[in-house]
1. Please report, in whole Å, how far the alpha carbons of the stretch C:147-245 spread along each principal axis, starting with the longest.
2. Which of C:Val258, C:Leu156, C:Asn296 sits closest to the plus end of the dipole of the stretch C:149-319, meaning its Cα is farthest towards the positive end, when Lys and Arg get +1 and Asp and Glu get -1 on the C-beta?
3. Could you give the dipole magnitude of chain A about its Cα centre, charging the beta-carbon of Lys and Arg +1 and that of Asp and Glu -1, in debye to the nearest 20?
4. State to the nearest 20 debye the size of the charge dipole of the stretch D:50-118 about its Cα centre, where the only charges are +1 on K and R beta carbons and -1 on D and E beta carbons.
5. Can you give the mean number of other chain Cβ atoms that lie within 10 Å of the Cβ atoms in peptide A:275-288?
6. Take the Cβ-Cβ distance between D:Phe216 and B:Ser199 as r, set R0 to 51 Å, and report the resulting FRET efficiency rounded to the nearest 0.05.
7. If we hang a label 7 Å off Cα along the beta carbon direction at C:Pro58, how far is it from the matching labels on the other copies, in nm, shortest first?
8. So if each residue of separation counts as 0.36 nm, and I subtract the Cα-Cα distance between B:Asp284 and B:Lys50, what length gain in nm does that give?
4 protein chains.
Amino acid sequence: MAKIKAGVLGATGAVGQRFIEGLREHPWFELTSIAASERSAGKKYSEAAKWRLESELPKDFAEMTVVNVDPKEVEADIVFSALPSDEAKRVEAEFAQAGFAVASNTATNRMVDDVPLLIPECNSEHLEIIKLQQERRGWDGYITTNPNCTTIMFALTLKPLMKFGIQGIHIASMQAVSGAGYEGVPSMAILGNVIPYISNEEEKVEIEAQKIMGTFDGQKIVYADFDVSASCHRVPVMDGHTEAVWIKMRDDPTPAEVRDAFLSFDPGLSDLPTSPKKAIIVRDEPDRPQPRLDRNRGNGMSVSVGRIRPGIRYICMGHNTIRGAAGASILNAELLVKKGFLG
Amino acid sequence: MAKIKAGVLGATGAVGQRFIEGLREHPWFELTSIAASERSAGKKYSEAAKWRLESELPKDFAEMTVVNVDPKEVEADIVFSALPSDEAKRVEAEFAQAGFAVASNTATNRMVDDVPLLIPECNSEHLEIIKLQQERRGWDGYITTNPNCTTIMFALTLKPLMKFGIQGIHIASMQAVSGAGYEGVPSMAILGNVIPYISNEEEKVEIEAQKIMGTFDGQKIVYADFDVSASCHRVPVMDGHTEAVWIKMRDDPTPAEVRDAFLSFDPGLSDLPTSPKKAIIVRDEPDRPQPRLDRNRGNGMSVSVGRIRPGIRYICMGHNTIRGAAGASILNAELLVKKGFLG
Amino acid sequence: MAKIKAGVLGATGAVGQRFIEGLREHPWFELTSIAASERSAGKKYSEAAKWRLESELPKDFAEMTVVNVDPKEVEADIVFSALPSDEAKRVEAEFAQAGFAVASNTATNRMVDDVPLLIPECNSEHLEIIKLQQERRGWDGYITTNPNCTTIMFALTLKPLMKFGIQGIHIASMQAVSGAGYEGVPSMAILGNVIPYISNEEEKVEIEAQKIMGTFDGQKIVYADFDVSASCHRVPVMDGHTEAVWIKMRDDPTPAEVRDAFLSFDPGLSDLPTSPKKAIIVRDEPDRPQPRLDRNRGNGMSVSVGRIRPGIRYICMGHNTIRGAAGASILNAELLVKKGFLG
Amino acid sequence: MAKIKAGVLGATGAVGQRFIEGLREHPWFELTSIAASERSAGKKYSEAAKWRLESELPKDFAEMTVVNVDPKEVEADIVFSALPSDEAKRVEAEFAQAGFAVASNTATNRMVDDVPLLIPECNSEHLEIIKLQQERRGWDGYITTNPNCTTIMFALTLKPLMKFGIQGIHIASMQAVSGAGYEGVPSMAILGNVIPYISNEEEKVEIEAQKIMGTFDGQKIVYADFDVSASCHRVPVMDGHTEAVWIKMRDDPTPAEVRDAFLSFDPGLSDLPTSPKKAIIVRDEPDRPQPRLDRNRGNGMSVSVGRIRPGIRYICMGHNTIRGAAGASILNAELLVKKGFLG
C-alpha cells in the first residue's frame, strides 16, 4: 500500500518539531510537505528551524524545502496543524475546503459544534460528525481536533471511570514549560519558581472534557454532565504535565475499584501504530508517576497514573508535546484511516 | 527590661539555622544556648554547623560553644525546638518538666490534646490550655507548637473566612525542597521534575487545620467541623510553598467578598516584633503570588494570596522555613510574652 | 545639599529595573526622570514595566510618568543608560551633547578611545580623559561607561595583582540568565542544561580588561600588556556570574601572597555610598564563593574570591546585574561627584 | 557462542544501575550475578534497589536475588565494579586473585603501576600490562580500570591531537549532579547555583590523562609529558559533563586542522558492540554541544566537540554515567574479549 501523504503546518515551532519527529519512519504516513510562515518559506527545513529535540533530525527532512501555509503549495492528503490559534481559524478552514483532512492541535476549532474533539481511546464514535461537518459546509475535506495538553491527561483517565457516574472534578496541574512553546516561558520567570497562572488554560480545561465524554446522538454531541474546576500552574519541568485530580462519583468506588478500572481499560486500538501498549499505566509506588521518569512511557503516548486514594484522588501525568499535542493528532489521523475517512 | 534567654535545640539543621537567624538582634530574646547532637556538642557553632543561609552568621553566634540537648546543659528561659520527631517526643517533655517554655516546630506534640497548636493570628485563645497541661502533668514549664509548614499557609487564610461557614477544603501543594531539610531531597530526585508525594504530609495537612480553627471550651479544644483533602507535591523551588486551595462555604461568598475579608483582616498583633505589617497580602496581578518573588514579604512572615476566583478558589504562598517553621515558633514565643506566660 | 537629578534611559528592562532599585533612597541622587521606548512613554512606570525584582517597587516611582528617550523630555543632571547597544550609539551622544553626564552600562561606547571604561576601584584616574572627550567633540556633557558584567568580576581582582606582573589570563565563566535580559534565555534552552556560548561575550571579555588596567598618559589610555583568553557559558542560575580564572604572573606569587594581596586591597572609596565595605571578599571555605549564597554580599557590590590555588588559579563571583551592571554605573556616578565632574 | 557471564558489584547505586542497564540484551555478556552490600543481599534486585533510570528495569533482572560482594557468592567470568573507593581497594584484589576479570569504574586502582587505565580509543595497547600484573601478583584474574568521568571526556579528544605535540592543558568543567551518586548533591546545594568545587576531582583530572596518553615500553607505562591544570565545578544538570578546554601544542595547529583531526579520527573499534559509530562528534553550530541535547549521542558513548577556536580552545561534552562510567567499563570489557583476555 502506498503511504498517505502528510504535511505539517507550522512546522518550525516546538509542536511542529514534534510532528516532524513523529512522522519519521511512520508506517502509514509519509512526510511530503513542510509548511511554515513566509519568513521560513523557500528555505531548507534545517535552515528555517533550529532543531531543538534530543533526537536527530533525519537528513531527508532536513533537506526538504519549506513552503507557504497555502493549500496550493502543500501537497498532501492530510495536514497536521500546529498553527497559532488566530491564524488557524482561517487557514484550517481553507485546507478543509480544498479537500485536505486537517488534524489540528490548535485550540481554535475544538469547541465548534460539528468538529470532533477526539481522543481515540475515549470517543472514536464522534468521528461520525465529520459527515455533518462536510455536508453543512460543503467541504471536501474536514477538520478534526485533539484536546488541550492538560485536558488530555485526565480526560483519558475519565473514560474507564464513567461507569461510576462522574459528578465533579477538581484538578490542579503542574505543567511543563514546553507547553508554552520554545520562547513561551523565559528562564528568569520560572527558574526555582512556580507561576500559578497560565493564560486561558483553566477555561479550556474546564469545558473540553465534557465534550470529549459526551455522546453523539446522530446530530450533535451532547455534553457529559459533570463540572470541572481547574487551577493551572507552571513549574520548572521541561516536558510532562503532572495533574492532581479529585473525582466525585455517584457510586463512590473504592481506590481498589478505580485501580481495577484503569488496569482493565483496553480501548482496542492496538492496530494503530502510535497507540501505546497501555493507554493508562498504573504505578503502585508511593511516589510515582514523575514527569522525568515516566513521560516517555509508551513512546510518550501513555498516561501514567498513581497514588489512587480515597476521595477519589489520584495523580496522572503524560508527555505534553507528544500525548498532549503532536502524538495526539497523529493518533487521531491513524483512527481516521482505520475508520475509512482517510487513505 | 532584660532580654529573655533563649536556646535552640537542634541548631545545626535547616530550620535550626533559621532559628539562629531569627534571633539575631531580636528585641525581646537573647540567644544564650545552642544545643545539638553529641557529634556537635563541644564545638564552636561555626564548626558544628555549615552555615547555608544567604545572610551572614553573626560572629558572636559563630563563637558560641554547642551544648548537648539536655536541660542541665541548656541555660535559657525558652527553648526553640527543631529536633527530629522521634527525639523530640522524649526531649521536649524533659525540658518542659525542667521548667522551660518549649516552642516546638516539631510534629510530635502538635495533635496532643493539651498542647496548643498555635497561629497567633488565628487562635491565640488556645494558649490558655497551657495551664491545664501544666496541672495535669505537674510541669513547671510547658510545650507549645506551631503547625506543619504546608498547613500554616492556608490555615492562616481560613481565619477571615470562618464567618462564611467553611464546609470543606481541597488543597494541592507545590512545596519547596527546604521543607525536607538540607539533605532531604537529592538533586537527582527533583531537578526538572515533580515528586507527587511527601511522606506523612497529607495526613498532617488534613487534620491540623481543624484543631487550629477549633474553639477552646475551657477544658479542651473542640475541632472545627470541616474536611480537608490534600494532595502534596514537591517541586524544584528552594523556599516557599505554593498552594492551590478550593474552599466550599455555607454562605457561598463571591470572590470580591473573600478578597475584602482578606484585605480587612487585622489580627491585632502589631506589638509583636516578628509579626508582619500584613499577615495576609492580597495580590491582584493575574500571576501572583510566586515563591521567588513573594516569599520574603513581611520578612518571610506574610502569606501572599492571589487569583481569588469563583469556587471559591485561590492561591496562597508563604516562606516555609520562616512563616512555616522558625518564624512561626518565634512569633508564638512573642505571644507567650504578651499573654504573660513568659518573661 | 540638594540631590543631583538622575534619569534612567531604558528603564523597563532587567538592568533598567536594577537602576530604579539602586536609586531608592540614594543619599546623593534623586530619580527625576524615567525614560523608555515609545511604547512605554506616557504611561505610569508601574504600567509600562512589569516589576520583576524581589524588592518592592517604591510607590512614588510607580506613579512617575515615563517619558521618551529624548534629551528634551528628560529632566536630569545625569542619565543612567541601559539602552540596547544599537540605540545607545546615537542616543548617548545626543545626551552628552545636550549637556548631560551619561553613565552607560551599554557596550557601544566602552572601547571608544576618549571614553573612560571605569571601575572606580581600578582606574579612577582614567576619568581625566573626559576633559579631552568634551574638548574634541565640543560637548557640554560626557559619556562614561562600565565594563561588561563578566569582565568586571575578574578585572576587579586584577588590580591588587598588577604588582606581580600579569602576563596572561585564562577565564571560563558560568553566567547567570539575568545577564541576557528578561526574555533573553528561554527556559526550554537552559533548564537542566549548559549553553557553552554567549554571543559576542568572549570578544568583550578579551579586550576590556587591558583598557581598564591601562595607564592614562595625559593624552590616551595605554592598554595593559597581557592576553585574555575566555570561554563563556550560560548556566541555570538566576543572578551571579561565577568565573574560573588562571593568571600567569611574572613574579610567580604563591597562593598565600595572592590571598594577602586581596585581603589588603583597599581602594579608598569608603566615602561613596554604593561602595561596599570590602570590594573583594576572600572566602577560605573549600567550596565558596557560590552565586546563590554570596551574590548579595556588600549589597551585591562585592566580588567574592575563593579557592586560590597554585597556578595561580581562583574562583571569583559577583552579582551580574548589580556589580556587573546598574550598581557599577551608579558607583561610577558617585566617583564623578567625588572627583568634581558632577554636582 | 555462549555468552560470557557478567556480575555487577555495587549494583544498587547510580553507576550500578547504569551497569545493569548497559547489560540488557548485550550480545556478548549475560548478567548472571548482582552483588551489593549486606543490607541488600538476599533481596530481589527490584526490592534492594530503587530503580531511578528513565528506561524500564527488565523483569528478569528485577527478579534476580542480590548476593554479597564476595568472590564465593558471585558467579561470573567478569565483574563490573561500582564499589566505593575504600571498599574497592580490598575487594577488587580479592576478585582478581580468585580468577575474575575485574572491570572497575572506581578510582582506587587507576594510578597503580601495573593496572591499565583504559580508553579503548586511546590506549588499547596498555592492556598488555595485565600479563605483568598477573605475574607479579600471582593472580589468575586481573584488574582493569577506566578514567574518572571528567578525565575521559577531554582525554578522548587528546588522542587525535597528540600528533601536534600537546604541551599543556587548561580545563574548566561544568559537571552534572549524577557524577556524585544519587544522594551526592542535595537539591538545596545546587538549585539555581554553581558549586565551584568537587572533592578530589581536580587531583584525578590532573594526573590521569598523562597515564592514558603514555606509552607502554614492555615493562611500564611511561607517562605523557604535558601538564593539566583543572578547575572543576558542579552545575544544576542531571547528566552530561561539559568541559572548556585550552590546549597548547608545539605545532600550533589552526582550528581547521584540529577539526580535521577530530573528523578523521577512527579508532577502528566498530566491531565492539558498545562502541559508538563516532567516538568524537564534531558540532559546527555556534552553541553546541549542550548536555541536554547531545549527551545521548552514540547511546551515550560519543563525546561531542564544538566551538573549536584559536588558542586552541574547544568545548567537549559527554554522558558522565555512560561514557564516563558504566559504558566505559563495558567497552573496556569488550576490548578484553577482542584482545583475547576474556571469553
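1. 49, 26, 18
2. The residue sitting farthest along the positive end of the dipole is C:Asn296.
3. That gives a dipole near 520 debye.
4. So the magnitude is around 200 debye.
5. Numbers: counts 0, 0, 0, 0, 0, 0, 0, 0, 0, 0, 3, 3, 8, 3.
Average neighbour count from other chains, rounded to a whole number: 1.
6. Result of the calculation: an efficiency of 0.40.
7. 2.9, 6.2, 6.8
8. The B:Asp284-B:Lys50 span can extend by a further 80.3 nm.
Readers should treat all values here as calculations from the given coordinates under stated rules, not as data from a laboratory. Here the structure is a predicted model, which means the values were calculated and not measured. Ideal geometry is used to build each Cβ from the backbone, glycine not excepted, and the neighbour counts take in all protein chains shown.
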